[in-house]
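Since the structure comes first, as structure tokens, the remarks are kept for the end.
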Amino acid sequence: MLSIVRGILEMIDNNKQELFDKWIEEEKIAHIQGWDFSHINDRYNEEDDLPWDLSDVIRKYLKENMFLLDMETGGGEFLLSLKHPFDMTSATEGYKTNVDYCKKVLLPLGINFKEADGEGMLPFENGLFDVITNRHGSYNVAELKRTLKNNRLFITQQVGAENDRELVRLLIPENETLPFPQQYLEIKTKELMDNGFEILESAEIFLPIKFYDVGALVWFARIIEWEFPGFSVETHLENLYKAQIILETKGVIEGHIHRFYIVSKKKAA
């Protein structure tokens, strides 16, 4: 076993420049339009086996005659997969690159798209929507309450506070701060209940995320920059070599994703 480890260390030492160049290239091309991770599809795996399917959860409640708002829609990919009638559909997004993309893709379909940040005021009238969905985005509970009809639904899937923490500790061990410390099911359900919502169903889970290529992890960390603040190939190069040692030894670099979902109903005042 010791000889194997020595062989791995020697191999990495002999290929440091090649690895560095590869990782720098991944860093340079780390950008997405919408929420498209296809660049690393074959080099990592996550979230394939959640015990719930958010699309199925939404379809259980969403009827064709209901007014739908999808908040923080990204590039509209998830929204379009719901196949809700376009004239009954609205969407918001605040990230500028995605805003421009949504204007090109969603508006021509007849979807009522508006630029708005999830934490701010929603640019819609009171009591307009039957269902508001939010997949991995921020939201303002007061605005949900204002824009939903009575006895109608807010359905969300969220990224939890402890998402990818093993990977963060591997690449930037000096950073011990959770970027979103309130992102736990218990905290978020209480917030909704305290603001006049009834919880119809919910669940929370931790599942593996696996990387089979350190370059894919570099790309991922640069895309999810809020989880990996201050990370770059040059500033954290030695930690990337450590990651390569783990990969060569175990065949995979593993962490955990943290997810939860909530279906809630706005109670009549």
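The values are calculated or read from the model by the stated rules, or taken from the named source; none is laboratory data. Note that this is a predicted model, so its numbers are computed, not measured. Cβ sites come from the backbone with ideal geometry, for glycine too, and all protein chains shown count toward neighbours.
Give the residues of the stretch 28-49 that are surrounded by fewer than 15 Cβ atoms within 10 Å (Cβ to Cβ), over 22 Å from Gly94 (Cα atoms) and not β-branched (Val, Ile, Thr), sorted by residue number.
The answer is Lys28, Ser38, Asn41, Asp42, Glu47, Asp48, Asp49.
Take residues that are touching a Lys or Arg at 6+ places or on another chain (Cβ under 7 Å) and tell me which of the strands (runs of 3 or more DSSP E) falling wholly in the stretch 84-151 contain 3 or more.
The qualifying strands (runs of 3 or more DSSP E) are 129-135.
Does the stretch 100-119 contain any residue that is free of Cβ contacts under 8 Å to residues at least 40 places away in the same chain, more than 18 Å from Thr156 (Cβ to Cβ) and among the β-branched types (Val, Ile, Thr)?
yes
So, in the stretch 197-236, how many residues would count as being of a type in the set (Phe, Trp, Tyr), touching an Asp or Glu at 6+ places or on another chain (Cβ under 7 Å) and assigned to a loop (DSSP other than H, G, I, E, B)?
0
Tell me, yes or no, whether the stretch 83-94 has at least one residue that is modelled with pLDDT of 95 or more, buried (at least 19 other Cβ atoms within 10 Å of the Cβ), of a type in the set (Asp, Glu) and within 15 Å of Ile155 (Cβ to Cβ).
no
Run Ile246 past the list (1) surrounded by 21 or more Cβ atoms within 10 Å (Cβ to Cβ); (2) of a type outside the set (Gly, Ala, Ser); (3) more than 29 Å from Gly137 (Cβ to Cβ) and report the number of the one that doesn't hold.
Looking at each condition in turn, Ile246 falls short on (1).
Being crowded, with 19+ Cβ neighbours inside 10 Å, closer than 18 Å to Ser81 by Cβ and of a type in the set (A, V, I, L, M) is the filter here; which residues of the stretch 106-157 pass it?
Of everything in the stretch 106-157, those that are crowded, with 19+ Cβ neighbours inside 10 Å, closer than 18 Å to Ser81 by Cβ and of a type in the set (A, V, I, L, M) turn out to be Leu106, Ile111, Val131, Ile132, Ile155.
Is there any pair linking a residue in the stretch 159-184 that is touching a residue at least 40 places away in the same chain (Cβ under 8 Å) and on the phi > 0 side of the Ramachandran plot to one that is acidic (Asp, Glu) and surrounded by 15 or more Cβ atoms within 10 Å (Cβ to Cβ), with Cβ under 6 Å and at least six apart or on different chains, and which?
Asp164/Glu227
For the stretch 24-38: of the residues being at pLDDT 90 or above and assigned to a helix (DSSP H, G or I), which is farthest from Phe211 (Cα to Cα)?
Checking each candidate, the answer is Lys28.
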